[in-house]
Amino acid sequence: MAKDDKTREDARFRHDSLQDRKTIKALIDAIGKGLAKGELSLSDDDNDIVLTPDGLMTLRIRAERNDGQCKVDFRVSWTERDDDLREKPAPKVKSRN
């Protein structure tokens, strides 16, 4: 078994909890550090996963407010298989004068 085989096994991590703003910021900061380092380790009492982000990644940010309920979703995704890499051009952005 190669060194990276354990980190490339199919796995899933999900965690839902009620936290205060300061704790959530600390968790988001830790995710940012893991992305920068190239190793993202997530765990709680029930589960754990180690991901190795590298290369080009897709970023999706969504936000909404509906009837007093507010939500912000961040999704970062990438592929670990070289044959799936497809570079997509940056979006075109125009400003009005």
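The values are calculated or read from the model by the stated rules, or taken from the named source; none is laboratory data. Since we're looking at a predicted model, the values are computed, not measured. Note that we place each Cβ from the backbone using ideal geometry, even for glycine, and neighbour counts take in every protein chain shown.
May I ask you to verify whether Asp46 is outside any strand (DSSP E or B) and at pLDDT 90 or above? When the stated conditions are applied, Asp46 passes them. Annotation for region 69-76: no member residue is more than 18 Å from Asp16 (Cβ to Cβ), without any contact (Cβ under 8 Å) to a residue 60 or more places away in the chain, assigned to a helix (DSSP H, G or I) and not acidic (Asp, Glu).
For every residue, the table says whether it meets (1) more than 17 Å from Ala11 (Cβ to Cβ); (2) of a type outside the set (Lys, Arg); (3) surrounded by fewer than 10 Cβ atoms within 10 Å (Cβ to Cβ).
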{"site": "Lys25", "(1), (2), (3)": "yes, no, no"}
{"site": "Leu35", "(1), (2), (3)": "yes, yes, no"}
{"site": "Gly38", "(1), (2), (3)": "yes, yes, no"}
{"site": "Asp45", "(1), (2), (3)": "no, yes, yes"}
{"site": "Val50", "(1), (2), (3)": "no, yes, no"}
{"site": "Gly55", "(1), (2), (3)": "yes, yes, no"}
{"site": "Leu59", "(1), (2), (3)": "yes, yes, yes"}
{"site": "Glu64", "(1), (2), (3)": "yes, yes, yes"}
{"site": "Gly68", "(1), (2), (3)": "yes, yes, yes"}
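Among the numbered criteria (1) surrounded by 12 or more Cβ atoms within 10 Å (Cβ to Cβ); (2) at pLDDT below 95, which one does Ala2 miss? Single failed check for Ala2: (1).
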